[in-house]
Amino acid sequence: MRSRLSNLLREEREEKWYEIQGVSFIREEDRDGPLSDFQTLISATQDGTLYVVSEDVIVDFEGKNYRTLDTRFYVKGDIPGVFYPQQCENPMKLRPKIVNEQPDYLITENGYAKVYVAYGFPAYLPEGFLYSTFGLAKEIAIIWKKIPTQKILTSLETSATRKSRIGGLSDASVVSNIEELINSIREGIDVVCFYLFFVVMDSNRQKLFEKGKELQNTLKAYGMEIESPRFYQSSLYEFKTTLRVFGVDLFTIKKTIADARSMRALFPLIKETFVDEEGVFLGFSGTGDPIVFNPYKRHNYLLLILGETGSGKSMSAKIYMRRLHEKFSIPVYGVDPESEYVAISGYFGSTGINLSEGKPLGLDPLKMGMDRSMISDILSEVYSVPPQMRPRLRKEIFSANSKDIFDFVNSCDRDLKKYLEPILTPPDRLVFEGNPPDMQRPLIFGLRNIRSTNLKILVTSLISIYLGQEMGHAVVFVDEGWLFIKTPRIMSVFENIARRGRKYGLHFIFITQRVEDVASTSEGRTLLEQAATAFLFRQEKEGVGRIRDIYKLSEGEIQYLVQASPGEGILKAGNTKVTIRIAATHEEMARFSTTPAVL
Ligand SMILES: Nc1ncnc2c1ncn2[C@@H]1O[C@H](COP(=O)(O)OP(=O)(O)OP(=O)(O)O)[C@@H](O)[C@H]1O
Ligand SMILES: [Mg+2]
């Protein structure tokens, strides 16, 4: 009974899998961080499995097919918080089942498979070399176990002095040389034994063998030997390292010993393509691979679109939101200071309303039941209530049972009323007066006809507070975000919406030029730093330093950004950075462009 329970518990523990995020590995000077995180991952896990699976993805755009490779990474067990781990289903359950076993290959429900294991390693391997096998091996698995260092130290020392085969470890090969290994152990670096598996798959048997040969040759070029043991293919397919029948080991794969630092060479977490599951097609990367993005796969749902004027921010936002709406039928709400989304709101399933100074807007915060502390903050800021009087305003707002904002202002004492009085007269009065807009249906608010910046700020604040507190699964965008950076309150409303977004399924898109101004306030900086995703378009030379620091861009990337054409830039999501060219369809180009075709 007890053993059944412990079996169950063990199974439960074994079930814990995490998907982790790959990084872009092109620049050598960027590699140290990810490599040392990888070492941490190896060291922190007693009994590790890292599983890499690549998928061919075909994207259709304007009647043409584009092919790319999507690689995903999974680890088993209790792992440290590196590479943005997200708990997930056991990926082993999703592998094709074996239907027939042959001595040197398998027939699965999806085609043919052949498993290879690594048995010979050179003394040196370039970090990241595994990336060159992604197109050939459908799956790669690294299985490792930590070795108690004292145990290994003793046997290593004996073998080092004898300068012969490694004493009790004669069935193992060693990646680093023995002295190096001993030094590492003395420095406190963990030592592991590991196994490396490659699974080649193809729907055609002959191609399967060709791919396998190619994989062997590719690895041979690095000095690494792999083989595909006969008769044990199905056990190897399960990534088993020994096959035990009636207490007898029928076969054991040769293990390899390495210190955690040398394990860096096996760094597989490389992602140079960008294909999110269930995502929307955005455009092409510098390598010509289609880029598919799903905001809900990121660790938060805040997206920034940054670039100088004319760099393609609004156009990209329109293309993206249109495709997002088509894919997920998700309601799209927005603050549109230039009123350029209003006319095309139908593409996002929204209704556009052009607000203007002469028309009652009905944005009475009391009538709309907005959060009272936010109301007090916004009124304080918009009407320049002096700091010493702000607590009083707050108290009054909290205890007010006025039927509307006018009633409230009239009920305030003289000192406070002095500041809030503009609310009672136009144009401000019109912002509050009238019937509130029906926010049950998705709306895009065009502000172009509201000339006063103060009013724009007031209106945007009220709309944003309302959207932030009412919205569930929706997209909320704010274009021309720089208009609001001088109003810290409204920036913190945005920040608040963005922060809670993940919980409510709210995808917040903040679009702005003048990034250095945004970064100059603490609210703006928080927004910039928190975003899981940023589309970076052409930047002004003068202000590019901020972007470089926040998004850790290289000189080459900066050069690229400074010279980029409209719609070209860098997509940064988590650890991944890819260059991107947003691809508009002919229709989108014609409908969404703000540049007049004939001047
Ligand atoms: N992906 C693209 N492909 C081709 N042309 C584009 C693309 N994106 C934008 N453009 C062109 O650049 C013009 C300006 O783009 P857009 O209005 O998006 O700039 P913006 O960054 O929003 O500028 P602003 O800050 O002034 O609002 C578009 O009207 C269009 O003609
Ligand atoms: Mg724009």
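No value in this document is a laboratory result; all are computed from the given coordinates. Predicted model only: the values in this text are computed from it and were never measured. Every residue, glycine among them, receives a Cβ derived from its backbone with ideal geometry; neighbour counts consider all protein chains shown.
So for 330, 142, fewest C-beta neighbours within 10 Å to most, what's the order?
Details: 330 19, 142 22.
Going from least to most buried by this count: 330, 142.
Report the label-to-label distance for residue 204 and residue 328 in nanometres (one decimal), using points 7 Å from each Cα along the Cα→Cβ vector.
Computed distance between label sites residue 204 and residue 328 equals 4.0 nm.
When you count, for each residue, the other Cβ atoms within 10 Å and take the mean per peptide, how do 205-211, 129-135, 19-25 rank with the highest first? List each step's numbers first, then the result.
Details: 205-211: 15.3, 129-135: 19.0, 19-25: 20.7.
Going from most to least packed, we get 19-25, 129-135, 205-211.
What are the equivalent ellipsoid semi-axes of segment 214-350, built from the alpha-carbon gyration tensor (square roots of five times its eigenvalues), in whole angstrom, biggest first?
Working: eigenvalues 517, 72, 39 Å².
Rounded to whole Å, the semi-axes are 51, 19, 14.
For segment 15-266, treating each Cα as an identical point scatterer without solvent, what Debye log10 I(q)/I(0) comes out at q = 0.15 1/Å?
-1.18
Calculate how steeply helix 372-382 sits against the longest principal axis of the alpha-carbon atoms of the chain, using the helix alpha-carbon long axis, and give the answer as 0 to 90 degrees to the nearest 10.
70
Which entries of 318/359; 318/552; 64/93; 213/254; 97/211; 151/220 have Cα-Cα distances beyond 23 Å here?
Numbers: 318/359 27 Å; 318/552 27 Å; 64/93 33 Å; 213/254 21 Å; 97/211 21 Å; 151/220 33 Å.
Correct reply: 318/359; 318/552; 64/93; 151/220.
Counting only residues 5 or more places away or on other chains, whose amide H sits under 5 Å from the amide H of residue 476 once H atoms are built in the peptide plane?
333, 507, 508, 509
Once the cut-off is 19 Å, how many percent of the Cα-Cα pairs in segment 17-123 end up in the long-distance tail? Write down the numbers at each step before the final one.
Values: 3585 of 5671 pairs.
Summing the P(r) of segment 17-123 above 19 Å gives 63 percent of all pairs.
Arrange 482, 17, 144 by Cβ neighbour counts within 10 Å, fewest through most, would you? Don't skip to the answer; put the middle values down first.
Working: 482 16, 17 21, 144 24.
With the fewest neighbours first, 482, 17, 144 line up as 482, 17, 144.
State to the nearest 20 debye the size of the charge dipole of segment 15-266 about its Cα centre, where the only charges are +1 on K and R beta carbons and -1 on D and E beta carbons. Could you put the intermediate results ahead of the total?
Values: 31 positive and 34 negative charges, 160 e Å.
The calculation lands at about 780 debye.
Mind checking the angle between helix 2-14 and the chain's longest principal axis? C-alpha axes, 0 to 90 degrees, to the nearest 10.
60
Using the count of nearby Cβ atoms within 10 Å as a rough guide to exposure, how do 507, 586 rank from fewest to most?
Numbers: 507 27, 586 8.
Listed from fewest to most nearby Cβ atoms, that is 586, 507.
Tell me, what ³J(HN,Hα) does each residue in segment 101-107 have, in order and in whole Hz, if you take phi through Karplus 6.51 cos²θ - 1.76 cosθ + 1.60 with θ = phi - 60° and put x for Gly and Pro?
10, 10, x, 10, 6, 10, 10
Quick check: Cα centre of segment 414-483 to Cα centre of segment 52-114, how many Å?
Using only Cα atoms to place each centre, the spacing works out to 48 Å.
Which lysines does residue 418 reach when only Cα atoms under 21 Å apart count, and residues fewer than 8 places away in its own chain are ignored?
Within the straight-line cut-off, residue 418 pairs with 395, 403.
Taking the Cα centre of each part, how many Å lie between segment 499-531 and segment 382-402?
Centre-to-centre distance over Cα atoms comes out at 27 Å.
May I ask for the distance between the Cα centers of segment 354-376 and segment 543-599, given as a whole number of Å?
35
State the three equivalent ellipsoid semi-axes of the chain, derived from the C-alpha gyration tensor as the square roots of 5 times its eigenvalues, in descending order and whole Å. Before the final figure, lay out each step's value.
Values: eigenvalues 641, 142, 101 Å².
Working from the Cα gyration tensor, I get semi-axes of 57, 27, 22 Å.
Starting from the coordinates of the alpha-carbon atoms of segment 328-373, obtain the Kirkwood hydrodynamic radius over all distinct pairs and give the value in Å to one decimal. Walk me through the numbers before you get to the answer.
Working: mean 1/r = 0.0786 Å⁻¹.
Every distinct Cα pair counted, the radius reaches 12.7 Å.
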